[in-house]
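Reviewing the structure listed below.
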Amino acid sequence: MNLRKLSVILSVFLSAMLLPSCGTTSVSYLYYWGNDVNSEANATAYEVFTYDVLENRTPESICNLIALYEDIVTNAGKNGKDVPPGILAEYGYVLLQSDSPAIFEEHATKLQKKMFNTADYSSLFRQKGESMLKKEMELYPESAKFIAPLIDKLVK
């Protein structure tokens, strides 16, 4: 095979490989990360809200993150996707923080509060937080080495 034929074959092959990616704007994920919030940047709700908490850490950003975790845990299966590794642990950890129930009670929107349908956030968050940590270990057994000591520290 001469060099010219090889060059043509290689050009056609590369074009065929690159062509399907042209014009594609949406990203498909293996796990459910919440609905896309910033379609221009293909950022998931998880990326946007966790960044907001890390960057600003306001009561509203914490409420948004708690509501997002609840959405991910509740709706992952409905979307035909799994809960991402680590999300249950993150959610449980946030719920078990001593100030989370008070922050949520004082600053959550009516829609966010409706997700939980309770007046006793302290008891619910404690129970649900422990449950989320245990479920993380159940779904991802390799996490037990890290989660079990965390449960011992936060729950007792």
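The values are calculated or read from the model by the stated rules, or taken from the named source; none is laboratory data. It should be emphasised that the depicted structure is a prediction, and the values quoted were computed from it without experimental measurement. Neighbour counts are summed over all protein chains in view; Cβ atoms, including those assigned to glycine, are modelled from backbone coordinates with ideal geometry.
For a quick check of your reading of the model, give me the residue pairs whose first member lies in region 54-78 and is part of a helix (DSSP H, G or I), whose second is among the small types (Gly, Ala, Ser) and at pLDDT below 95, with beta-carbon atoms closer than 6 Å and at least 6 apart or on different chains.
Sorted first by the residue in region 54-78, then by its partner, the pairs are Leu68/Gly34; Leu68/Ala45; Asp71/Gly34; Ile72/Gly34.
Would a scan of region 35-58 turn up a residue that is within 19 Å of Leu124 (Cβ to Cβ), in contact with a helix residue (DSSP H, G or I) (Cβ under 7 Å, 6 or more places away or on another chain) and surrounded by 21 or more Cβ atoms within 10 Å (Cβ to Cβ)?
So the first thing to find is which residues in region 35-58 are within 19 Å of Leu124 (Cβ to Cβ), and the list is none.
No.
Considering region 38-61 alone, what residues qualify as being touching a strand residue (DSSP E or B) at 6+ places or on another chain (Cβ under 7 Å) and either at pLDDT below 65 or small (Gly, Ala, Ser) (or both)?
Residues satisfying the conditions are Ala43, Ala45.
Restrict the check to region 99-109 and report whether at least one residue is touching a residue at least 40 places away in the same chain (Cβ under 8 Å), touching a Lys or Arg at 6+ places or on another chain (Cβ under 9 Å), closer than 11 Å to Pro59 by Cα and assigned to a helix (DSSP H, G or I).
We begin by selecting, within region 99-109, every residue touching a residue at least 40 places away in the same chain (Cβ under 8 Å); these are 103-104, 106-109.
With touching a Lys or Arg at 6+ places or on another chain (Cβ under 9 Å) added as a condition, the list becomes 104.
Within this subset, residues satisfying the condition of being closer than 11 Å to Pro59 by Cα are 104.
Checking which are assigned to a helix (DSSP H, G or I) leaves us with 104.
Yes: one or more hits.
If you go through region 62-92 one residue at a time, how many are among the hydroxyl-bearing types (Ser, Thr, Tyr) and either more than 16 Å from Arg126 (Cα to Cα) or modelled with pLDDT under 95 (or both)? Reasoning before the result, please.
Start the filter on region 62-92 by keeping residues that are among the hydroxyl-bearing types (Ser, Thr, Tyr), which leaves 69, 74, 91.
Filter once more, so that each one left must be either more than 16 Å from Arg126 (Cα to Cα) or modelled with pLDDT under 95 (or both): 74.
Here the count works out to 1.
Give the residue that is surrounded by the fewest Cβ atoms within 10 Å (Cβ to Cβ), with candidates limited to residues of region 73-115 that are of a type in the set (Gly, Ala, Ser) and closer than 17 Å to Lys156 by Cβ. Break it down into steps so the answer makes sense when it comes.
Within region 73-115, the subset of a type in the set (Gly, Ala, Ser) is 76-77, 80, 86, 89, 92, 98, 100, 102, 108.
Pick out the ones that are also closer than 17 Å to Lys156 by Cβ and you get 92, 98.
On the way: Gly92: 25, Ser98: 10.
This residue is Ser98.
Could you grab me the full set of residues in region 116-130 that are surrounded by 14 or more Cβ atoms within 10 Å (Cβ to Cβ) and either in contact with a Pro (Cβ under 9 Å, 6 or more places away or on another chain) or within 18 Å of Leu65 (Cβ to Cβ) (or both)?
Keep residues of region 116-130 that are surrounded by 14 or more Cβ atoms within 10 Å (Cβ to Cβ), which gives 116, 121-122, 124-126, 128-130.
Residues satisfying the conditions are Phe116, Tyr121, Ser122, Leu124, Phe125, Arg126, Lys128, Gly129.
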